[in-house]
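Nothing in this text is a laboratory measurement; each read-out follows from the coordinates by a stated rule. Remember, it's a predicted structure, so these values are computed and weren't measured experimentally. So basically every Cβ, Gly included, is an ideal-geometry build from the backbone, and we count neighbours across all protein chains shown.
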Amino acid sequence: MRFCLLASGSKGNAIWVEEGPLAVVIDCGLSAKEFKARAAMRGLDLKKLKAVIISHEHRDHIQGVGPLARSLDLTVIANAATQAACANFVGKVRWDEFATGDTMNFGHLRVQTMSISHDAAEPTAFVIESDSGALGLATDLGAVTNLVRQRLLGLRSLILEFNHDYDRLMEGPYPWPLKQRVRGRTGHLANEEAAELAARLYHSDLKHLVLAHLSQTNNTPELALKAANQALKEVIEPIAAGQDEPTIVFDL
Ligand SMILES: [Zn+2]
Ligand SMILES: [Zn+2]
């Protein structure tokens with residue numbers, strides 16, 4: 001399995017996951033044009049792409065879903081509540097549906113879905129498995145629930161939300177209601193919380209730890225990496241994904 005974060009952050013998210021001849025993308029918060037340009041930049045073959053799976057309906061996850069799906073003839077997959085919440089915005093596409101908790105199969109990829117705590121209709125995180133191992137993908141977490149912690153145990157690679165530095169958020173320019181939303185149980189994880197989760201999930205076969213969904217206003221890659229390195233005592237070299245350019249293509 002290979003994966004690449006084409007963009008990550010509150011201005012747009014898209015995560016490419018492929019196994020052999022087939023790829024899916026989790027979310028497309030980029031314009032279709034930008035998505036294609038970034039895929040090309042990393043040598044990812046758009047012909048492999050079969051589906052866009054939507055984690056939740058916030059704009060940073062669905063901005064380009066409609067145009068991308070229409071131009072590449074992709075199926076758009078979401079749970080019923082998410083679909084209802086964004087169908088108008090996404091426009092005419094071929095929909096497919098999962099019930100949160102289901103596993104979907106795409107060739108040799110098995111995409112497991114799980115419910116998370118975030119202020120959207122029915123937000124989901126994912127564990128994507130193939131014969132080469134499993135990738136856990138959890139961003140937009142208001143809180144780390146037992147379910148999330150359990151499901152992310154023992155995976156080969158992890159993409160975890162490191163949204164904000166607590167002090168930066170509190171001292172930063174966001175109005176109070178927004179600060180409260182971010183900090184709430186349905187908001188976003190702070191670096192320290194995410195680092196603690198990463199440390200709990202660490203095991204000697206963990207190959208990649210990607211810090212994702214960093215706020216450009218309330219975080220920096222340096223702060224996120226510092227928190228992760230402190231919690232993990234530098235047993236692994238985490239990589240911070242960014243908004244403006246794609247990550248490398250990771251090999252699971
Ligand atoms: Zn988001
Ligand atoms: Zn969100």
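Values computed for the structure shown
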quantity	calculated
Cα-projected label distance for residue 95 with residue 37, points at 7 Å along beta-carbon direction, nm	3.1 nm
Cα-based convex hull volume of the stretch 135-202 per residue, rounded to whole Å³	69 Å³
Separation of the residue 45 and residue 207 label points, Cα + 7 Å toward Cβ, nm	2.0 nm
Stretch in the chain that is longest and holds no trypsin sites (Lys or Arg not before Pro) that DSSP places in a loop and that have at most 11 other beta carbons within 10 Å	93-184
The chain - percent relative contact order, Cα under 8 Å, separation 6 or more	20 percent
Full-extension gain in nm, residue 143 to residue 230, via 0.36 nm per residue minus C-alpha separation	29.3 nm
Nearest-20 debye value, the stretch 1-55 charge dipole, Cβ charges on Lys, Arg, Asp, Glu	160 debye
For the stretch 66-155, fraction of C-alpha pairs farther apart than 19 Å, in %	47 percent
Helix-derived mean residue ellipticity, 222 nm - over the chain, DSSP H n ≥ 4, -39500 (n - 2.57), to 500	-8500 deg cm²/dmol
Cross-link pairs 48/207; 11/33; 50/92 - those with Cα-Cα distance over 21 Å	48/207
Around residue 114: net Lys/Arg minus Asp/Glu count, Cβ-Cβ under 15 Å	-2
More than 29 angstrom apart: percent of Cα pairs within the chain	22 percent
Selected from 35, 14, 25, residue furthest toward positive end of dipole (the stretch 1-61; charges at beta carbon)	35
Net length gained if the chain between residue 110 and residue 22 were fully extended (0.36 nm per residue, minus Cα distance)	30.5 nm
Selected from 67, 21, 221 as most flexible by GNM, with the chain as the system and alpha-carbon contacts under 10 Å	21
Relative exposure of 73, 140, judged by other C-beta atoms within 10 Å (fewest first)	73, 140
Convex hull projection area averaged over all views, the stretch 122-252, Cα basis, nm²	8.1 nm²
P(r) tail fraction, the stretch 1-149 - alpha-carbon pairs more than 26 Å apart, %	15 percent
Size descriptor, Kirkwood hydrodynamic radius, that averages inverse alpha-carbon separations across the stretch 175-252, Å	13.6 Å
